[in-house]
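As structure tokens, the structure follows; a few thoughts come after it.
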Amino acid sequence: IAGSTLTLEVAVQRAVNELGFSPVAAVEAATLTPARAFGFDRVNPVTGAPLGLIAPGYAADLNLLDPADWTAQHVWCAGRQVK
């Protein structure tokens, strides 16, 4: 749902504000559903770590968004906070 003119952050925001999705449903639709569709909920063949979920033992990049305006407040990549 994200692309050259629509960022994932804005897509989630619009799903909540314009389409009436719950925040949980919007984030899941934008993250977990595509991860499963592309097979990212399986073990990474390079690192051996499972992908696609936020759970103990899984490899993940995370964004912590401000629920008031859906802007990124904190970002973690490969377990390191980068913002």
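I'd like the residue in the range 34-54 that is more than 10 Å from the chain's Cα centre (by Cα) and either of a type in the set (V, I, T) or not in a loop (DSSP other than H, G, I, E, B) (or both) and, out of all such residues, is surrounded by the fewest Cβ atoms within 10 Å (Cβ to Cβ).
Across the range 34-54, the extreme among qualifying residues is V46.
Any residue at all in the range 63-75 that is surrounded by 12 or more Cβ atoms within 10 Å (Cβ to Cβ), touching a residue at least 24 places away in the same chain (Cβ under 8 Å) and not in a strand (DSSP E or B)?
Within the range 63-75 (the criterion being surrounded by 12 or more Cβ atoms within 10 Å (Cβ to Cβ), touching a residue at least 24 places away in the same chain (Cβ under 8 Å) and not in a strand (DSSP E or B)), the answer is yes, since at least one residue qualifies.
Suppose the filter is loosely packed, with under 13 Cβ neighbours inside 10 Å and either in contact (Cβ under 8 Å) with a residue 40 or more places away in the chain or not in a loop (DSSP other than H, G, I, E, B) (or both); does Q13 pass it?
No: the conditions fail for Q13.
When you look at Q73, is it within 15 Å of the chain's Cα centre (by Cα) and among the polar types (S, T, N, Q), yes or no?
yes
Of everything in the range 16-33, what is within 19 Å of T71 (Cα to Cα) and either in a helix (DSSP H, G or I) or touching a Pro at 6+ places or on another chain (Cβ under 7 Å) (or both)? Give them in sequence order.
Of everything in the range 16-33, those that are within 19 Å of T71 (Cα to Cα) and either in a helix (DSSP H, G or I) or touching a Pro at 6+ places or on another chain (Cβ under 7 Å) (or both) turn out to be V16, N17, P23, V24, A25, A26, V27, E28, A29, A30.
Values in this text are rule-based calculations from the coordinates and carry no lab data. Here the structure is a predicted model, which means the values were calculated and not measured. Don't worry about glycine lacking a Cβ; one is built from the backbone with ideal geometry, like all the others, and counts go over all protein chains shown.
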